[in-house]
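Reviewing the structure listed below.
The values are calculated or read from the model by the stated rules, or taken from the named source; none is laboratory data. Just so you know, these numbers come straight off a predicted model, no measurement behind them. Cβ placement follows ideal geometry from the backbone for every residue including glycine, while neighbour counts extend to all protein chains displayed. The protein model used for the area step is the full one, side chains on, heavy atoms only, and it has no ligands, DNA or RNA in it. Shrake-Rupley method; radii C 1.70, N 1.55, O 1.52, S 1.80 Å.
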Amino acid sequence: MGGGGQQTDRITGTNARFSTYTWEEVQKHTKSGDQWIVVERKVYNVSQWVKRHPGGLRIIGHYAGEDATEAFTAFHPDLPLVRKYMKPLLIGELEASEPSQDRQKNAALVEDFRALRERLEAEGCFKTQPLFFLLHLGHILLLEVIALMLVWYFGTGWINTAIVAVLMATAQSQAGWLQHDFGHLSVCKSSRWNHLVHKFVIGHLKGASAGWWNHRHFQHHAKPNVFKKDPDVNMLNMFVVGKVQPVEYGVKKVKHLPYNHQHKYFFFVGPPLLIPVFFQFQIFHNMVSHGLWVDLVWCISYYVRYFLCYTQFYGLFWAVILFNFVRFMESHWFVWVTQMSHIPMNIDYEKHQDWLSMQVHSELSHLFPTMPRHNYWRAAPHVRALCDKYGVKYQEKTLYGAFADIIRYNTNLKSHGFTFKKSFCSELFLYNMKQH
């Protein structure tokens, strides 16, 4: 049976004790400083190693006491290499009588999804077309050059400045999608090159931090739209989202803001201020507080380049105004494009679902984080067929429909913000019944 288990002996490199465990035993180790995970039926003690995890300590903590096999496979393009580094953490394996999946997950669905991934790998869906990303980077640099040349040639008039701002905002937005590709290790064969180019794109081209992005974004994809685990649905008490949080706030009588009016102030607070205010502060705070000095150097290089280029034409004051106006436009772009596949979807507490169900219920993308995005269309029909087989709702929207969902959801926030309409009261009644 189980027991405490020990990590590999640092001198001999062998396991001092190799035990077998039940899921009940594994699920006891979920607290900070005492965390176990299961990958491919093997049990690992990651209690101390989480602080050195390249993807951040929280993402592993989110899977403590659980089967992390699907997340492990999804995030790591070079599995043999990662397994090699995990050997010192191995303390045992699941008992033979224990299922491979925890918490009543559908074993057949999990196995079919694993087979689908292997099929897509065999069909070359995880292979990169270098020209796609070279052209993407090239058009970003071209937009930056054109913007600067317009100022140099036509001057700083209002109309020309507006055109320049649109070009710069477009470049910033496109750089955001490109850094996302490198951050997910989906471009280069070598993880080292992915990390290096990621720092260049997000740091020098955007003035942000790779470490900050990794910390937030990997958590998001590991547990999408899960309260307390996905930082992207942490609304800092400014909004109540989903169907569960409004009921919970209502029961606890939590009211930091007038939530019955949040459908009115969302469009004045969310889209315009996310990047120029919230992200801007968070990025620098994260770099300094966590000692991300390499990221800070890359970030400073962006500001040095920007102000050297534009203060000679606009002066310091108007260069700062232009910078913030570009961020303002980029923020709108970012919020509308990203939230179409997040906010209108299911937002709830941890349900311990399998990878396919969790991802499809919570967002419209990223079943395969390391797959180059130019191959998504090839994988889509296979994913739809698998969802149909197991009755998992597969959503596909037009651009207009996706934008309409954002507006519809946020204009309907009123019914989730303490107005206690009929549907809300029904949920509240059911919630109280469950508590008693």
Open item on the list: For the ranges 75-81, 156-162, what's the packing order if you count other beta-carbon atoms within 10 Å of each residue, average per peptide, and put the highest first?
Closed with: 75-81, 156-162
Open item on the list: How large are Rg and Dmax for the stretch 117-212 when calculated on the C-alpha trace, in angstrom?
Closed with: 16.5, 56
Task: Relative contact order (percent, whole number), the stretch 166-302, Cα cutoff 8 Å, 6+ residue spacing - done: 29 percent
Open item on the list: Can you give me the angle between helix 210-222 and the longest principal axis of the chain, using Cα atoms only, in degrees from 0 to 90, rounded to the nearest 10?
Closed with: 50 degrees
Task: Area accessible to solvent at Tyr306, 1.4 Å probe radius, in Å² - done: 10 Å²
Task: For the stretch 119-128, Karplus couplings with θ = phi - 60° (6.51, -1.76, 1.60), whole Hz, Gly/Pro x - done: 5, 5, 5, 5, 7, x, 6, 9, 8, 8
Open item on the list: Applying a 10 Å radius around every beta-carbon, put 310-317, 348-355, 328-335 in order of their mean neighbour count, most first.
Closed with: 328-335, 348-355, 310-317
Open item on the list: What does DSSP give for the chain in terms of the percent of beta bridges that are antiparallel, rounded to the nearest 5?
Closed with: 65 percent
Open item on the list: Can you give me the distance in nm between label points at Arg83 and Val251, each placed 7 Å from the Cα along the Cα-to-Cβ direction?
Closed with: 4.4 nm
- [ ] Kindly identify the stretch 155-290 as rounded, prolate or oblate by the Cα gyration tensor criterion: order the square roots of the eigenvalues as a ≥ b ≥ c, call it rounded if a/c is under 1.5, otherwise compare a/b with b/c, prolate if a/b is larger, else oblate.
- [x] oblate
Task: Net charge, Asp348 excluded, C-beta distance under 12 Å - Lys, Arg +1, Asp, Glu -1 - done: +2
TODO: Please list Arg52, Arg378 in order of solvent-accessible area, largest first, computed with a 1.4 Å probe with all protein chains present.
DONE: Arg52, Arg378
Open item on the list: Exceeding 25 Å between C-alpha atoms, which entries from my cross-link table qualify? They are Lys228/Lys255; Lys28/Lys105; Lys51/Lys84; Lys28/Lys223; Lys127/Lys351.
Closed with: Lys127/Lys351
- [ ] Would you tally the net charge around Val226, using a Cβ to Cβ cut-off of less than 13 Å, leaving Val226 out, and scoring K and R as +1, D and E as -1?
- [x] -1
Open item on the list: Using a 1.4 angstrom probe on the protein heavy atoms only, could you order His221, His382 from most to least accessible area?
Closed with: His382, His221
Open item on the list: Per residue, how much accessible surface does the chain expose to a 1.4 Å probe? Answer in Å², no decimals.
Closed with: 51 Å²
- [ ] From largest accessible area down, sort Ser301, Ser186; use a 1.4 Å probe on the protein chains.
- [x] Ser301, Ser186
Task: For the chain, built as a Gaussian network whose Cα springs stay under 10 Å, the top-fluctuating residue of Arg408, Arg373, Arg327 - done: Arg408
Open item on the list: Can you compute the FRET efficiency between Gln312 and His139 using 1/(1 + (r/R0)^6), with r the Cβ-Cβ distance and R0 = 30 Å? Round to the nearest 0.05.
Closed with: 0.75
- [ ] List every residue whose amide H lies under 5 Å from the amide H of Tyr21, counting only residues 5 or more places away in sequence or on a different chain, with H placed 1.01 Å from N in the peptide plane.
- [x] Glu93, Leu94, Glu95
Task: Distance between modelled label sites at Tyr390 and Glu111, nm, 7 Å Cα→Cβ extension - done: 1.2 nm
TODO: Mind jotting down the distance between the C-alpha centroids of the stretch 141-181 and the stretch 322-346, whole Å?
DONE: 18 Å
- [ ] Rounded to whole Hz and in sequence order, give me ³J(HN,Hα) for the stretch 108-117 from the Karplus expression 6.51 cos²θ - 1.76 cosθ + 1.60, θ = phi - 60°, writing x for Gly and Pro.
- [x] 5, 5, 4, 5, 5, 5, 4, 5, 5, 4
TODO: Once you have a ≥ b ≥ c as the square roots of the Cα gyration tensor eigenvalues for the stretch 270-344, tell me rounded if a/c is under 1.5, and otherwise prolate or oblate according to whether a/b is larger than b/c.
DONE: oblate
Task: For Met149, solvent-accessible area (1.4 Å; no DNA, RNA or ligand), Å² - done: 100 Å²
- [ ] Kindly report, to the nearest 10 Å², the accessible surface of Thr30 as traced by a 1.4 Å probe over protein heavy atoms only.
- [x] 50 Å²
Open item on the list: Could you give the length gained by full extension between Arg52 and Tyr400, i.e. 0.36 nm per residue of separation minus their alpha carbon distance, to one decimal place?
Closed with: 121.0 nm
Task: Tilt relative to the chain, helix 293-339 - C-alpha long axis, 0 to 90 degrees, to 10 - done: 50 degrees
- [ ] Give me the angle, in degrees from 0 to 90, between the Cα long axis of helix 158-183 and the longest principal axis of the Cα atoms of the chain, rounded to the nearest 10.
- [x] 20 degrees
Open item on the list: Rounded to the nearest percent, how much of the accessible area of the chain (1.4 Å probe, protein heavy atoms only) is carbon and sulfur?
Closed with: 63 percent
